[in-house]
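The values are calculated or read from the model by the stated rules, or taken from the named source; none is laboratory data. Computed from a prediction, not measured in an experiment: that's the story for all the values here. Every residue, glycine among them, receives a Cβ derived from its backbone with ideal geometry; neighbour counts consider all protein chains shown.
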Amino acid sequence: MERAFHSPHQTISFGPWLGHLGEPFMDFNDPFYNDQWYLRNTGQLGRQGYDLNVTWAWLNGYTGRGVVLSVLDDGLQTTNADIADNYAPNISYSLVKDTKSWNDPSPRIDNTFSNSHGTYCAGIISAVSNNSICGVGVAYDSNVGGVRLVDGKVTDVQEATALSRHIDQVDVFSASWGPTDDGTKVEGPARLTQIAFTEGVTRGRDGKGVIYVWASGNGGVIGDNCNLDGYTSSIYTLSVSALTDMGTSTFYEEPCASTLAGVYVGGEHTLEVAKDRQRRHLESLNVVVPELDGHCSHDFQGTSAAAPLMAGVVALVINANGNLTWRDMQHIVVETSIPTPHALQEPGWQTNGLGKKFHLKQGFGAVNAGRMVEAALHWRNVKPQKVIVVPLFSGHRTFHPSTWMNVSHPVDSSGVPPAQRMTAVEHAVANVTLIHPRRKLLTIFIVSPAGTTSQVLTHRAPDEDKDGFKSWGFMSVHFWGESPEGIWKVAIKDDSGETGYLKKVELTIFGS
């Protein structure tokens, strides 16, 4: 299979550490640090505002020290001056068959094309601080390695190997790739890769589970939906989207009910504004990265940049509390992420039964590293995961054009011993099998007993598939914290005017 890249401050007093803006700050001699507005926004883009609030974590001593991350990408330049001192060779290797040694993850470099994507991501996470080179990594004291994976066709065996190898040493994996964001793919992990995900979250980090951070995808401009990317929509991945400097969604962002939160990377909210900037040759100031030739640049963006930024934040959180499980980390993201005031002006925000605001393109809002670290310091581990399987429909039912088809079933745990009952939902997955000649014009919603409505499928204009879906899992995090008790519903609307058939719908609810 081809793999493609997905290309608010707290008020705290720190005495003498306060800067001229009344905010805590740290200074570094790295020449591009002042361009890293997403780490500390002093108005570099002309409007002082929002950033990842990593300074709070840094000043409290949480810089990623002792945390090991692996970038699953197109390689990693191990000798790069801004990465070398934090490079972790013991977890690095190549799965690409060429003339390079298997333990050399260095990217392909030639006169026509060089793979720099993985090096960019590693620099975003672990760029060395105060070395007078380029910028500063989010977790600048962490160690980063890489797996050279995405360079041509990738097999199930290769993906499974990348996700499961060294899970006894790696704390966080960062991935910025998936099926091509062209609005036609319905593709996810094959059997071995599914097993690898399970192994990672059950055996990794001494049973606490490695954290898989995944980019949500950049296909929104053509109507793609990342719920049809089975990597970023897996319950095992911490899926993040890309936000502008004001916290609004970017024009390329895909709608996706599995996205947990958004990360500041810059860029434009609308395609029209982006095109206008391009026509006027206006310089961009996005994410700072080290180039392969020793120079630096500051125009890396997309959800490809959001994932390693999030991975770096996760490293800070693990540095603060190494006892967190993979589910604890997702809980902390949900609890601490909030939309900015500018983001709330964007249509599409809803509120779930627990009072949490959510959005198809932004999850629960903008990531805030300071809030996450502070929460982690006092965090109690969530109870073991519980699972409820709800059979909603099995048979043969005809879709009628421009009408809704609803299937529902109650969850009643009154007969379940109290210690075994699920009290709070985390993930809900609707596994749907249907036959339809124009699935591009179907919409699917999951509705919880609390009345929260989560759209798990939107129209995808480029999708010309004439078969439908075969047991595809549409995942949503929008019911997070709600009680599972009551009637659950899956609602499907056919806007095509053609005949299709529903075969099976089964809802799996994961929670604690």
I need every pair where a residue in the range 33-48 that is in the same structural domain as A311 (by TED's automatic domain parsing) has its Cβ under 6 Å from the Cβ of a residue that is among the small types (G, A, S), sequence separation at least 6 or different chains. Y33/G135; Q36/G135; N41/G49
Please verify whether T443 is surrounded by fewer than 19 Cβ atoms within 10 Å (Cβ to Cβ), among the hydroxyl-bearing types (S, T, Y) and within 24 Å of E485 (Cα to Cα), treating the condition exactly as stated. no
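Each row is one residue, and each column tells you yes or no for (1) touching a Cys at 6+ places or on another chain (Cβ under 6 Å); (2) of a type in the set (V, I, T).
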| site | (1), (2) |
| --- | --- |
| G219 | no, no |
| I222 | no, yes |
| D229 | no, no |
| T232 | yes, yes |
| L243 | no, no |
| S258 | no, no |
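Take the range 54-74 and flag every residue that is of a type in the set (D, E, K, R) and buried (at least 23 other Cβ atoms within 10 Å of the Cβ). Let's see the steps before the verdict.
Applying the first criterion (of a type in the set (D, E, K, R)) to the range 54-74 yields 65, 73-74.
Matches in the range 54-74: D73, D74.
Can you say whether D229 is modelled with pLDDT under 95 and of a type in the set (D, E), as far as the supplied structure shows? Let's see the steps before the verdict.
Details: modelled with pLDDT under 95: no; of a type in the set (D, E): yes.
Judged against the criteria, D229 is not a match.
Could we say that V425 is touching a Pro at 6+ places or on another chain (Cβ under 7 Å) and farther than 22 Å from Y236 by Cα here? So that I can check it myself, show each step before the final result.
Working: touching a Pro at 6+ places or on another chain (Cβ under 7 Å): yes; farther than 22 Å from Y236 by Cα: no.
Taking the combined requirement at face value, the residue does not satisfy it.
Quick grid of which residues meet (1) among the basic types (K, R); (2) more than 17 Å from Y120 (Cα to Cα); (3) within 16 Å of the chain's Cα centre (by Cα); (4) part of a strand (DSSP E or B):
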{"site": "S241", "(1), (2), (3), (4)": "no, yes, yes, yes"}
{"site": "E254", "(1), (2), (3), (4)": "no, yes, yes, no"}
{"site": "H269", "(1), (2), (3), (4)": "no, yes, no, no"}
{"site": "V273", "(1), (2), (3), (4)": "no, yes, no, no"}
{"site": "D276", "(1), (2), (3), (4)": "no, yes, no, no"}
{"site": "H281", "(1), (2), (3), (4)": "no, yes, no, no"}
{"site": "V289", "(1), (2), (3), (4)": "no, no, no, yes"}
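When residues of the range 447-501 are filtered for being among the hydroxyl-bearing types (S, T, Y), closer than 22 Å to S512 by Cβ and in a strand (DSSP E or B), how many remain? I'd like the intermediate steps shown before the answer.
To start, the set of residues in the range 447-501 that are among the hydroxyl-bearing types (S, T, Y) comprises 448, 452-454, 458, 471, 476, 483, 496, 499, 501.
Among the residues that remain, those that are also closer than 22 Å to S512 by Cβ are: 448, 452, 454, 476, 483.
Subsequent filtering for residues that are in a strand (DSSP E or B) retains 454, 476.
Here the count works out to 2.
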Does P437 satisfy the criteria of being closer than 26 Å to E335 by Cβ and surrounded by fewer than 20 Cβ atoms within 10 Å (Cβ to Cβ)? no
Is it the case that the range 314-324 has a residue that's assigned by TED's automatic domain parsing to the domain that holds N227, assigned to a loop (DSSP other than H, G, I, E, B), of a type in the set (S, T, N, Q) and touching a strand residue (DSSP E or B) at 6+ places or on another chain (Cβ under 9 Å)? no
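Can you find a residue in the range 383-399 that is under 27 Å from N227 (Cβ atoms), in a loop (DSSP other than H, G, I, E, B) and in contact with an Asp or Glu (Cβ under 9 Å, 6 or more places away or on another chain)?
Yes - at least one qualifying residue is present in the range 383-399.
Filtering the range 80-106 down to residues that are among the aliphatic types (A, V, I, L, M) and touching a helix residue (DSSP H, G or I) at 6+ places or on another chain (Cβ under 8 Å), which residue is farthest from G66 (Cα to Cα)? Outline the logic, then answer.
Taking the range 80-106 and keeping what is among the aliphatic types (A, V, I, L, M), we get 81, 83-84, 88, 91, 95-96.
Right, trim to touching a helix residue (DSSP H, G or I) at 6+ places or on another chain (Cβ under 8 Å) and you get 83, 95.
Details: I83: 16, L95: 26 Å.
Of everything passing the filter in the range 80-106, L95 is farthest from G66 (Cα to Cα).
Considering only residues that are part of a loop (DSSP other than H, G, I, E, B) and among the polar types (S, T, N, Q), which ones fall in the range 120-162?
Taking the range 120-162 and keeping what is part of a loop (DSSP other than H, G, I, E, B), we get 127-142, 149-152, 154-155.
Residues satisfying the conditions are S129, N130, N131, S132, S142, T155.
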Collect the residues in the range 152-177 that are under 20 Å from H117 (Cβ atoms) and either of a type in the set (D, E) or in contact with a Lys or Arg (Cβ under 7 Å, 6 or more places away or on another chain) (or both), keeping them in residue-number order. V154, E159, W177
